[in-house]
1. For GLY9, what charge total do you get from the other residues with a beta carbon under 15 Å from its beta carbon, if Lys and Arg give +1 and Asp and Glu give -1?
2. Rounding to the nearest 20 debye, state how big the charge dipole of region 1-95 is about its Cα centre with +1 on each Lys and Arg Cβ and -1 on each Asp and Glu Cβ.
3. Heavy-atom accessible area per residue, the chain, 1.4 Å probe: how many Å²?
4. What is the percent carbon and sulfur in the accessible area of the chain, measuring with a 1.4 Å probe over the protein chains and ignoring ligands?
5. Between the alpha-carbon centers of region 77-121 and region 1-23, tell me the distance in whole angstrom.
6. Could you compute how much accessible surface LYS64 exposes when probed at 1.4 Å, giving the result in Å² to the nearest 10?
7. Can you classify the chain as rounded, prolate or oblate using the Cα gyration tensor, where a ≥ b ≥ c are the square roots of its eigenvalues, rounded means a/c under 1.5, and otherwise it's prolate if a/b beats b/c and oblate if not?
8. Could you derive backbone 3J(HN,Hα) for region 49-64 from the dihedral phi with the Karplus parameters 6.51, -1.76 and 1.60 (θ = phi - 60°), listing whole Hz in sequence and x where the residue is Gly or Pro?
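The values are calculated or read from the model by the stated rules, or taken from the named source; none is laboratory data. What you see is a predicted model, and the numbers here were worked out from it, not measured in a lab. Because the Cβ atoms are built from the backbone with ideal geometry, glycine has one as well, and the counts that use them run over all protein chains shown. Please note that ligands, DNA and RNA were not included when accessible areas were found on the heavy atoms of the full protein model with its side chains. Shrake-Rupley method; radii C 1.70, N 1.55, O 1.52, S 1.80 Å.
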Amino acid sequence: QVQLVESGGGLVQPGGSLRLSCAASGSISSINLSGWYRQAPGKERELVAAITIGTSTNYADSVKGRFTISRDNAKNTVYLQMNSLKPEDTAVYYCHVHVTRDGYYSDRDYWGKGTLVTVSS
């Protein structure tokens, strides 16, 4: 079993910043792909940012230049630095990872339970 624990969500004013963390625990050999998704009220879940094992990144057009995804392999933790936040960034943010587990050859994905980010004055 792999567990994902998200933290860092909360209430912030427009123009402010938040840093989300996603700590993975369990029998993990490697994290092959990491991403942050979000789901706003009345909308479908969408990919916000992703980072590969080679540190290549991809961002949704709506967050380019404002958000940065990164990881700390030693801590099995993925981060999302969010700057210049806008009210439309309000959503539940979910961590998603693809990992190779100890003793397994195949990849498997896991979802966090989500953390709420509210951008409002």
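1. +1
2. 120 debye
3. For the chain, the per-residue accessible area is 54 Å².
4. Carbon and sulfur atoms account for 47 percent of the accessible area of the chain.
5. 8 Å
6. It works out to around 120 Å².
7. prolate
8. With the stated coefficients, region 49-64 comes to 7, 9, 9, 8, 5, x, 6, 5, 10, 9, 10, 5, 4, 5, 10, 4 Hz.
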